[in-house]
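Notes follow the structure.
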Amino acid sequence: MQNDVIVVGGSYAGMAAALQLIRARRTVLVIDAGLRRNRFASHSHGFLGQDGMDPAEIAASARAQLMAYPTLTWVDGRAEAAGGVKDAFAVTTADGAQHEGRRLLFAVGVTDQLPEIEGMAERWGRSIFHCPYCHGYELERGRIGVIATGPMSVHQAQLIPEWGEVTFFTNGALALDDAARADLKSRAVTIEETPVRRIEGHADVLLADGRTLSFAGLFTASRNAPATPIAGTLGCEIDETPFGTQIRTDATKETTVPGAFACGDVARTPHSVSLAVADGAWAGAQLHRSLVF
């Protein structure tokens with residue numbers, strides 16, 4: 001069977017796109033490996049109508065709503081390869097099955113490449129975050145640490161004082177010029193240049209000189225990359241951004257391969273659930289138009 005659209009990735013952006021298409025009575029196959037980016041977080045914030053909800057519950061409810069439509073098929077599995085051309089694409093899953101579609105949509109999400117600091121990975125999404133709009137309010141204007149990963153971290157340190165008293169750990173990731181130092185000082189940001197040794201407890205930063213500084217939460221700017229290379233192997237161009245790499249798309253969310261589209265975190269910055277849903281909804285409508293016109 002040839003589907004109208006194969007959606008690779010069934011998280012928020014992919015499901016939002018699929019919803020537009022199945023409501024246009026198009027046949028849609030969603031292939032999902034089940035690894036949502038925010039699977040480590042227990043609460044999702046900043047998404048209108050779902051503020052404070054468990055993100056797993058949001059995803060499960062959305063999937064149940066999609067499954068009520070007869071033209072949707074859902075495959076739990078990992079898409080390993082994609083080939084073909086517009087109107088004749090094929091996606092192969094890890095079990096060897098091949099699925100055909102007239103259009104492709106990559107909504108595979110991204111991986112977060114964190115600083116190599118002991119104790120950081122296991123606290124990611126729990127007491128260490130990237131988005132203050134998603135998690136800053138719950139820190140109750142307490143002490144917040146920002147751990148630098150590069151020049152973009154200065155912007156993070158400038159913004160986060162809106163949510164609490166900030167200490168900026170440069171951690172050897174950048175050299176601050178006089179202008180940046182003056183700006184951070186004007187925002188009451190404490191600059192700490194002693195290297196970070198590891199993270200302990202809830203959000204305790206152990207420094208190389210033996211000091212331990214405790215915080216309500218920590219922020220860092222992870223570097224992102226597509227969660228799977230499948231779009232690149234099809235031939236889609238990948239762009240370098242200040243945040244990492246992402247799939248290049250035009251205003252309609254079409255990639256550089258005709259008939260293949262991309263949306264969500266893998267195709268835009270900045271990242272949040274609400275922005276991913278909006279991007280997916282737009283991509284779904286544009287995919288439908290490409291089938292009509």
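The values are calculated or read from the model by the stated rules, or taken from the named source; none is laboratory data. Please read these numbers as outputs of a predicted model, since none were measured by experiment. Ideal geometry is used to build each Cβ from the backbone, glycine not excepted, and the neighbour counts take in all protein chains shown.
Please specify each residue of the range 116-167 satisfying the condition of being part of a strand (DSSP E or B) and of a type in the set (Asp, Glu).
118, 165
Would you please name the residue that is farthest from residue 122 (Cα to Cα), looking only at residues in the range 20-38 that are assigned to a loop (DSSP other than H, G, I, E, B) and among the basic types (Lys, Arg)?
Initial filter on the range 20-38 (assigned to a loop (DSSP other than H, G, I, E, B)): 24-27, 33-38.
Filter again for among the basic types (Lys, Arg), leaving 25-26, 36-37.
Details: 25: 43, 26: 41, 36: 16, 37: 14 Å.
Filtering the range 20-38 for residues that are assigned to a loop (DSSP other than H, G, I, E, B) and among the basic types (Lys, Arg), the one farthest from residue 122 (Cα to Cα) comes out as 25.
Scan 56, 41, 90 and give me the residue that is in a helix (DSSP H, G or I) and assigned by TED's automatic domain parsing to the domain that holds residue 233.
56
List every residue pair whose Cβ atoms lie under 6 Å apart, where the two residues are 6 or more positions apart in sequence or sit on different chains, the first residue falls within the range 83-104 and is within 16 Å of residue 27 (Cα to Cα), and the second residue, located anywhere, is aromatic (Phe, Trp, Tyr).
Here the result reads 101/89; 104/89, each pair linking the range 83-104 to a residue that is aromatic (Phe, Trp, Tyr).
Only residues that are part of a strand (DSSP E or B) and closer than 12 Å to residue 145 by Cβ: list them for the range 192-203, please.
Just the residues of the range 192-203 that are part of a strand (DSSP E or B), to begin with: 192, 196-200.
Hits for the range 192-203 are 192, 196, 199.
Kindly provide the set of residues from the range 264-293 that are hydrophobic (A, V, I, L, M, F, W, C) and out of contact with any Lys or Arg (no Cβ under 9 Å at 6 or more places or on another chain), ordered by number.
If we filter the range 264-293 for residues that are hydrophobic (A, V, I, L, M, F, W, C), which is where we start, we get 266-267, 273, 275-278, 281-283, 285, 287, 291-293.
Hits for the range 264-293 are 266, 273, 277, 278, 281, 285, 292, 293.
Residues that are free of Cβ contacts under 8 Å to residues at least 40 places away in the same chain and either surrounded by fewer than 19 Cβ atoms within 10 Å (Cβ to Cβ) or more than 17 Å from the chain's Cα centre (by Cα) (or both), at least 1 per element: which strands (runs of 3 or more DSSP E) completely within the range 208-293 meet that?
Values: elements: 212-214, 217-220, 223-226, 238-241, 244-247, 260-262.
The strands (runs of 3 or more DSSP E) meeting that bar are 212-214, 238-241, 244-247.
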